[in-house]
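K.L.:
Next up is a structure, given as structure tokens.
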Amino acid sequence: MSANQDESGLRALIVEDEIKLASAIAESLTASAWHVTVAANGEEGFFLATNEIFNVLILDLNLPGRDGLEILRTLRGRGWQTPVLILTARDSLDNRVEGLDSGADDYLVKPFAFPELHARLRALIRRGRGEDTIKLKYADIEIDRVSRVVTRGKHNIELTSKEFELFEFLLRHKGQVVSREMLAQALWNTRARVVPLDNVIDVHIARLRAKLDITPDKSIFRTVRGVGFILQEQE
């Protein structure tokens, strides 16, 4: 598989306040068929990371608005699993250790060569795919991603294809608020939020509740008003 084929269609979020550098990285990735989004400050980067789906985050540390390490620690604390490559001029051993301990998957020091950046990103993507598990579990619920069988306790639960995809997505982001925008983008292949699609998403959530919840007062789904949903057992 060529490098371009390996990277084609992947989505990268670049959080970098050096405009020329961010543009150069974006141009390089776009040439390899990446879909690239750029944020010039920490607040914008954090907002995009928590409201859209990306295959990798390229994160500078010295950012206006919110420091890169603060962003990283907050995302990881919320269960955010997307691979993160720190891109920074901080090159001491202590800086590297702090970045990796804060949740980064790799660390690249400026200045750098674009072929090395691409190679590191491909390695992160492969590593993430390699860790992909066939079965996912939550409480007494288990889903088999190959057979697409869902069980709760000893009972099989029949889900439609879209219901399965929706529950798998929520399960992968358990403990994290999943917005309707995220679901629209990941499962309905659209970035535009419209009321009819919101209604469709709400209907699918309602059907999942009916099939997976033991009783209405012990729902594993919680609606965050005006935002989306979170997979979280209620006390």
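Readers should treat all values here as calculations from the given coordinates under stated rules, not as data from a laboratory. Quick caveat, the model's predicted, so the values are computed rather than measured. All Cβ positions, glycine included, derive from the backbone under ideal geometry; neighbour counts span all protein chains shown.
K.L.:
Just add up the charged neighbours of PHE114: K/R +1, D/E -1, any other residue whose Cβ is under 11 Å from the Cβ of PHE114.
P.N.:
-1
K.L.:
Based on DSSP, what percent of beta bridges with both residues in the chain are antiparallel, to the nearest 5?
P.N.:
Taking every DSSP beta bridge with both residues in the chain, the antiparallel ones total about 50 percent.
K.L.:
How tilted is helix 19-31 with respect to the longest principal axis of the chain? Cα atoms for both, answer in degrees (0 to 90, nearest 10).
P.N.:
Around 60 degrees separate the two axes.
K.L.:
Given H placed on each backbone N at 1.01 Å, which residues far from ALA39 in sequence or on other chains put an amide H within less than 5 Å of it?
P.N.:
ILE14, VAL15, GLU16
K.L.:
Note down the Stokes-Einstein diffusion coefficient of the chain in µm²/s, whole number, using a Kirkwood radius over alpha carbon pairs, 37 °C, and 0.692 mPa s.
P.N.:
171
K.L.:
Using the per-residue mean of other Cβ atoms lying within 10 Å as a proxy for protection, in what order, highest first, do the peptides 147-157, 198-208 fall?
P.N.:
198-208, 147-157
K.L.:
Relative contact order for the chain using alpha-carbon pairs under 8 Å, separation at least 6, rounded to a whole percent?
P.N.:
Once divided by the residue count of the chain, the mean separation gives 13 percent.
K.L.:
Something else: Tell me the angle of helix 68-77 to the major Cα principal axis of the chain, expressed in degrees between 0 and 90 and rounded to the nearest ten.
P.N.:
That helix lies at roughly 20 degrees to the long axis.
K.L.:
Positive end of the dipole of the chain, charges at C-beta (+1 Lys, Arg; -1 Asp, Glu), about the Cα centre: which of LEU100, VAL149, PHE114 has its Cα farthest in that direction?
P.N.:
Going by the charge dipole, the pick is VAL149.
K.L.:
For segment 135-231, give the magnitude of the charge dipole about the Cα centre (Cβ charges: +1 Lys/Arg, -1 Asp/Glu; no others), in debye to the nearest 20.
P.N.:
Details: 18 positive and 12 negative charges, 32 e Å.
Using Cβ point charges on Lys, Arg, Asp and Glu, segment 135-231 gives about 160 debye.
K.L.:
Continuing with this model, one more query. Stretch THR223-ARG73 to full length: gain in nm at 0.36 nm per residue minus the Cα-Cα span? Each step should come with its number before you reach the end.
P.N.:
Details: separation 150, 0.36 × 150 = 54.00 nm, distance 2.49 nm.
Value of the extension gain: 51.5 nm.
K.L.:
Restricting attention to segment 56-138, which chymotrypsin sites (Phe, Trp or Tyr not before Pro) occupy a DSSP loop and are surrounded by at most 13 other Cβ atoms within 10 Å?
P.N.:
The qualifying sites are PHE112.
K.L.:
For segment 135-231, list log₁₀ I(q)/I(0) at each q in 0.21 Å⁻¹, using the Debye formula over Cα point scatterers of equal strength and ignoring solvent, two decimals each.
P.N.:
Values returned for q = 0.21 Å⁻¹ are -1.11.
K.L.:
Counting Lys and Arg as +1 and Asp and Glu as -1, each charge on the Cβ, what is the dipole of the chain about the Cα centre in debye, to the nearest 20? Each step should come with its number before you reach the end.
P.N.:
Values: 32 positive and 35 negative charges, 164 e Å.
Dipole magnitude for the chain comes out near 780 debye.
K.L.:
Right, something else. Where does the chain land at 222 nm, in deg cm²/dmol rounded to the nearest 500, when only DSSP H runs of n ≥ 4 count, each adding -39500 (n - 2.57), divided by all residues?
P.N.:
Numbers: 9 runs with 102 residues, N = 235.
Result for the chain, helices only: -13500 deg cm²/dmol.
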